[in-house]
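Just below is one structure, and these are the notes that go with it.
The values are calculated or read from the model by the stated rules, or taken from the named source; none is laboratory data. In this text, all values refer to a predicted model and were calculated from it rather than measured experimentally. Note that we place each Cβ from the backbone using ideal geometry, even for glycine, and neighbour counts take in every protein chain shown. Heads up: the accessible areas ignore ligands, DNA and RNA and are worked out on the full protein's heavy atoms, side chains in. Shrake-Rupley method; radii C 1.70, N 1.55, O 1.52, S 1.80 Å.
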Amino acid sequence: MSFYTENRKNGRKQFPFKGNYLLKEVYYEMIRKKLIPKCIVEYERFAFVESKGNVRITFDRNILGSRRTDRFYDTQIDGMPVMPWGYYILEIKYDELLPHYILAAVDTGNLRRQSFSKYYTARKALG
């Protein structure tokens, strides 16, 4: 698998994420360890932080999966929805304590605690 792209001006192959340290590190680790992506998972995330108790709350939606691993470093992928549109995944992480007002906001009696893996769900949906 190659992530090099062709330069339109001179036809030479070039590294597609010049100047992006994180992507370079990921790329070199993939080469070094011979890692090959099996699928791509893309989603929208809304994140909130409460410093009291180091609380991190995220809402993920529009989760897509794609087998087009050749587009791993593209900014957008064409993917297949892996859960119904309009559904959200709520995740609450905290280190010390969960402030009462956050607990009261999510304690509706109708919510249930559940594990959810976006990667597993995408792989299962893609077959």
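Below is a table of values for the structure above.
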{"quantity": "Residue in the stretch 45-66 that is at pLDDT below 90, open to solvent by 80 Å² or more (accessible area, probe 1.4 Å), among the small types (Gly, Ala, Ser) and not in a strand (DSSP E or B) present", "calculated": "yes"}
{"quantity": "The one condition in (1) exposed (fewer than 12 other Cβ atoms within 10 Å of the Cβ); (2) over 15 Å from the mean Cα position of the chain (by Cα); (3) of a type outside the set (A, V, I, L, M) that residue 75 fails to fulfil", "calculated": "(2)"}
{"quantity": "Subset of the stretch 1-39 [at pLDDT 70 or above, surrounded by 10 or more Cβ atoms within 10 Å (Cβ to Cβ) and not in a loop (DSSP other than H, G, I, E, B)]", "calculated": "23, 24, 25, 26, 27, 28, 29, 30, 31"}
{"quantity": "Qualifying positions in the stretch 107-127 - open to solvent by 60 Å² or more (accessible area, probe 1.4 Å), closer than 19 Å to residue 59 by Cβ and in a loop (DSSP other than H, G, I, E, B)", "calculated": "107, 108, 110, 111, 112, 113, 114, 115, 116"}
{"quantity": "Test set (1) open to solvent by less than 70 Å² (accessible area, probe 1.4 Å); (2) not in a helix (DSSP H, G or I) - residue 104 fails condition number", "calculated": "(2)"}
